[in-house]
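The values are calculated or read from the model by the stated rules, or taken from the named source; none is laboratory data. Source: prediction; values computed, not measured. Positions of Cβ are generated from backbone atoms using ideal geometry, with glycine treated the same way; all protein chains shown enter the neighbour counts. These accessible areas exclude ligands, DNA and RNA; they are computed on the full protein's heavy atoms, side chains included. Shrake-Rupley method; radii C 1.70, N 1.55, O 1.52, S 1.80 Å.
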Amino acid sequence: MTAPARRRLADRDSTLGWLFLTPTVVYILALVGLPFGLAVAFSLSDVTGGDPSFDWVGLRNFERILADPVFWRSLRNTFVFTAISMLLIVIFGKVLANILLAEFRGRWLVRFLVLLPWTTPVALSTLTWLWLLDSVFSPIDWVLRRLGLIESNLFWLGQPNLAMASVIMVHVWRLVPLAAVIMLAGLLSVPKDVQEQAAVDGAGYWRRMFEITIPLTAPVIAISALFGAIFTFTDMAVVYVLTRGGPTNETQVLASWAFFRGIEGSDIGQGAAIALFLLPLLLAAAIAILRAVRRMEVS
Amino acid sequence: MAQLVQVDRERRRFARRHRAGRVTLYVLAVLAALAAAGPFVWAAITTFKQDSDLYRRNNNPFVFNKPPTTDHVELLLNRTGFTTFAWNTLWVGTLVVLITLALSIPAAYSLARLDMPWASRMGIAIFFVYLVPPTLLFLSLSRIVVALGLQDSAWSLVVIYPTITIPVSVWLLIGFLKTIPRDIEEQAMVDGHSRLGALVRVVVPLLFPGIVAVVVFAFTLTASEFIYALAFISPSAEKVISTGVPTELVRGDVFFWQSLQAATVLVAVPVALVFNLFLNRFIAGFTQGAVKG
Amino acid sequence: MAVVEVRNLCKHFDGGRVRAIDGIDLATGAGEYLVLLGPSGCGKTTLLRTIAGLEEPTEGDVLIGGQVVTGLPPRARKIAMVFQSYALYPHKSVLANIVFPLRAAGVERGAREERARWAAGLLGIEHLFARKPRQLSGGERQRVALARALVRDPTVFLLDEPLSNLDAKLRTSARDELKRFQQEVGVTTVYVTHDQSEAMGLGDRIAVMSDGRVRQVGAPVEVYDDPADTFVATFIGSPPMNLVPHGDVLLGFRPEHLLPSEHVPGERLPVVLSVQRMEYLSGDRHVYGTVEIGDEPTRVIARLPATVETPVRPGERHEFAISVGRLRFFDTGSGTRTDPVRLASLPAASGLGA
């Protein structure tokens, strides 16, 4: 008598699934996939700011890059910065996560203060550091001079090694709060009774930390390392504002070099080619870390 | 007797260790706060410094050697486009967050719950999209932006920024969704709602912490973003804080340092306050286990 | 010398607003199995944790092995604890779990393995050494947790509802194993549970708790037959003791003591039972009905064993009786046990079948 009730659209799981997913997929394909394809095309072309006509030139851009010492310098710097930053970010982040978790007087204030570096637009906070590291007016040098530790100011941004250290320091300063919050979530998910059991079983603070807490939060630590790596690897703002890659390209990284060549040098083909080098490296690092995380998962 | 003395000594040893631990904690907390907020404290002070006070090498940078002045703040607020930039950042940020939520929640739900084919692979693919760096895309995106007629408009950011925020948001939300047990939705469906209804009425409220995390993360990313904002927008009236402040307050070689610091502090403090609120809720939510007898 | 003792122990939370433990004095004998029994929120777990050193008391002292250990962290107290979830280290193998306390104590490798094998042997789990916790069943996890507790050669075992996570069928056999294990090893044990039948089955003595206080401590027989107050009377025993208000007192009698008159010898109190419904449970008949020996009609339960074959059906009125020696009297106001009173005001059995 009555026809079998057809499931309304709002109930059809598979249709709903595609409906939910498609906008996102289309959006990303259009605004990431397409530009990516374009960027690859650019890298194989001779497009410049002055001559926007598109001509295929094969791998010429790549040849030019590989012959350019600045490129190799940038590549090396990118690795060095990312590796050192990642290490420092994880260590300081872990310490900060523990501090955020602890109970002590004034913890509200500390929590507020400690989050500030991450919450500010990178351009603005880096500009602040530009003054803080100024070779004439640096307050840091002022304090060091007052303490009698140095005679004349240090060239934080002028001397190659110090410049690299400065760039790393600003990266780390900015990203530690983020890493700390991610690891905080991990710390909070360690079951309380496992930690109490360890305490009852005779483990002191350090043993509990290294044998229980850290192994159990290893996946989260890896994730925060990954985020630290991504944000450092692809960042050009810090270098752009602080040193412009200087002195003489000593602190140039791939991301900033791509920007300089592409925009200020007006060589779009080269800029795209340089930037393309970022991708496989990042992918490799991400795959490695995610694989490690999967292996570490303890249900 | 000897045993009692020994226990006493042990107790004192542990009390000492405990104290040492507390002292270390306070020291570290103070150091962390100093390292993180030191620059902001300096920035806050500098905002009100007179030029003749600031540009003196040997003056104490942390006190007012000459009386403080609000000139630079006034410059920032009245004679630059700061308020415009702030407003732009605000509405762009809000729209981006809304778009992100509108797209990410369904996407995450379908991947986490609706047993899509290749669900896990798609999830990973979405995450990997995140890895494609803006420095690679901005050149071609500029072209697309021009083609869409959005060149030099803040709307270009509204359209483009979700590509940065959506991948991570989907990933985050999938994580949060996995912690919500399925039977709650199934209960809702048994009670008469459709799958869509269950999502809206039951899952979304439970997903609230995840949504908060997404909102905070997306907004900060948007406000902080530099490359696209720099590449797509030139006219001052359309700029956001991230590019507007540096370009307006750095004219050639002249840096309006005090106004710059004022901008930094004015932006950082409210955002950090909001962040802090959520962080405290977040921690409290986790550490409040039931206190049972 | 008591192995574990608490003196005048108080634990307040939230600035004194929550009194989880409100003045407790308790002492265990050597090798005793003491059960802390009570409903959720009565303070039993807090008490256990305070003994362990996971909570610091607001007032009072904890003594272990005759020494005041208040102020010492858990690892200095020579205790072993098993949590409700067993708290096995998920990333370590069974063997690594068991030797963990020994490593923390600095025992060297050879001795560690030996002790681990001994403990595992006692519990029959040597074959599980290489496995990880997630590969174990509930019962196996419990045994690993016990083995880990055993290796430290502790002065006292503290167990927090370790059987709650097992399914019902497993629970009874696990209970039996636990008791035998404890008797073999002979370590003083403090055991927390909310399940009164578990407490009755396991404990040498039971401390019945509510609202942060100990209501009564005694052997199972004691707390069952001579409850100190109405709380203990109704908490222990399933079904609980019947309580009938009668003037200033509450008359208490256990369901198994309310039987058809012909089955109650000696001096007895006649009771007319109006039967409402019946349940058949494992050979016993549980009869639910009302009696009128008190100030007002009161609902009671009678438990008739299989040997009592008197036919009883819902809707009928029957002559039941309670042996006078089995009556217990409680003060209506405070609930505490009082001396027997004369029940002159009770109606004699009106001629129904007598």
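Could you check the spin-label model distance between A:V26 and B:M189? Points 7 Å from the Cα along Cα→Cβ, value in nm.
2.6 nm
Membrane-span-like helices in chain B: DSSP H runs reaching 18 Å or more (Cα, own axis), mean Kyte hydropathy at least 0.5?
Span-like helices in chain B: B:82-113, B:134-147, B:162-178, B:208-224, B:257-287.
Any idea of B:T100's accessible area? Nearest 10 Å², probe 1.4 Å.
In the full protein context, B:T100 sits at about 0 Å².
Under 5 Å between amide H atoms, partner at least 5 residues away or on a different chain: which partners does C:R213 have, H built in plane at 1.01 Å?
Excluding prolines and chain starts, which carry no amide H, the hits are C:D22.
Tell me which chymotrypsin sites (Phe, Trp or Tyr not before Pro) from segment A:34-67 have a DSSP coil assignment and no more than 14 other beta carbons within 10 Å of their own. Could the numbers behind the result be given before it?
Working: sites: A:F36, A:F42, A:F54, A:W56, A:F62; in loops: A:F54.
In loop regions of segment A:34-67 (DSSP not H, G, I, E or B), the sparsely surrounded chymotrypsin sites (Phe, Trp or Tyr not before Pro) are A:F54.
What does the charge count near A:L162 come to, summing +1 for each Lys or Arg and -1 for each Asp or Glu among other residues with Cβ under 13 Å from its Cβ?
Around A:L162, the charge tally is -3.
With springs connecting C-alpha atoms under 10 Å apart, model chain C as a Gaussian network and identify which of C:G124, C:G15, C:G333 has the largest mean-square fluctuation.
Maximum fluctuation in the GNM of chain C, among the listed residues, is at C:G15.
Could you give the distance between the Cα centres of segment C:252-279 and segment C:1-57, to the whole Å?
So the two Cα centres are separated by 39 Å.
Residue by residue through segment A:69-85, which ³J(HN,Hα) values in whole Hz follow from phi under the Karplus form 6.51 cos²θ - 1.76 cosθ + 1.60 (θ = phi - 60°), with glycine and proline marked x?
Values, residue by residue: x, 5, 4, 5, 4, 4, 4, 4, 4, 4, 5, 4, 4, 5, 4, 5, 4 Hz.
Looking at chain A, identify the longest residue range that excludes and avoids all GluC sites (Glu not before Pro) in DSSP loops having at most 15 other Cβ atoms within 10 Å.
A:152-296
Which of the GluC sites (Glu not before Pro) found in segment C:70-168 are loop residues per DSSP with 15 or fewer other Cβ atoms within 10 Å of their Cβ?
Numbers: sites: C:E108, C:E113, C:E114, C:E126, C:E140; in loops: C:E108.
Sites meeting the loop and neighbour criteria: C:E108.
Can you tell me the orientation of helix C:94-104 relative to chain C, as the angle in degrees between its alpha-carbon axis and the longest Cα principal axis, to the nearest 10?
70 degrees
Which one, C:V308, C:V156, C:V287, has the greatest fluctuation when you compute a Gaussian network model over chain C with C-alpha springs under 10 angstrom?
Of the options given, C:V308 has the highest mean-square fluctuation.
Under 22 Å Cα-Cα from B:K49, which lysines qualify once same-chain neighbours fewer than 8 residues away are excluded?
B:K66
Can you give the local net charge around A:F210? Use residues other than it whose beta-carbon is closer than 14 angstrom to its beta-carbon, Lys and Arg +1, Asp and Glu -1.
Residues near A:F210 contribute +4 overall.
Would you mind telling me which residue in A:L279, A:L130, A:L44 has the biggest mean-square fluctuation in a Gaussian network model of chain A, where springs connect alpha carbons within a distance under 10 angstrom?
A:L279
Enumerate the lysines that C:K169 could reach by cross-link, defined here as Cα to Cα under 18 Å, with residues fewer than 8 away along the same chain left out.
Filter leaves C:K179.
In segment C:286-325, what GluC sites (Glu not before Pro) fall in a loop by DSSP, with at most 13 other Cβ atoms inside 10 Å?
C:E309, C:E316
Once you mark the trypsin sites (Lys or Arg not before Pro) that are in a DSSP loop and have at most 12 other Cβ atoms within 10 Å, what is the longest gap between them in chain C?
Numbers: sites that count: C:R17, C:R342.
In chain C, the maximal stretch lacking such sites is C:18-341.
Taking each pair of different alpha-carbon atoms in the protein assembly as shown once, compute 1/r for the pair, average those values, and report the inverse of that mean as the Kirkwood hydrodynamic radius in Å to one decimal.
Numbers: mean 1/r = 0.0298 Å⁻¹.
With all distinct Cα pairs of the protein assembly as shown included, I get 33.5 Å.
Going down the list C:K11/C:K132; A:K192/C:K44; B:K178/C:K78; A:K94/B:K178, which pairs span over 29 Å between their C-alpha atoms?
C:K11/C:K132; B:K178/C:K78
As I understand it, the value is the acute angle between the Cα axis of helix C:168-185 and the longest principal axis of the Cα atoms of chain C; what does it come to in degrees, rounded to 10?
60 degrees
Checking the a/c ratio against 1.5 first, then a/b against b/c, what shape does the Cα gyration tensor give for segment A:69-298? Present the calculation step by step, with values, prior to reporting the outcome.
Details: a/c = 2.56, a/b = 1.42, b/c = 1.80.
Because a/c hits 1.5 or more and a/b fails to exceed b/c, segment A:69-298 counts as oblate.
Relative to the longest principal axis of chain C, what angle (0 to 90°, nearest 10) does the C-alpha long axis of helix C:138-150 take?
60 degrees
Run the 1.4 Å probe and let me know the accessible area of A:W156, rounded to the nearest 10 Å².
The value for A:W156 is about 40 Å².
Find how many whole Å separate the alpha carbon centroid of segment A:43-122 from the alpha carbon centroid of segment B:232-281.
20 Å
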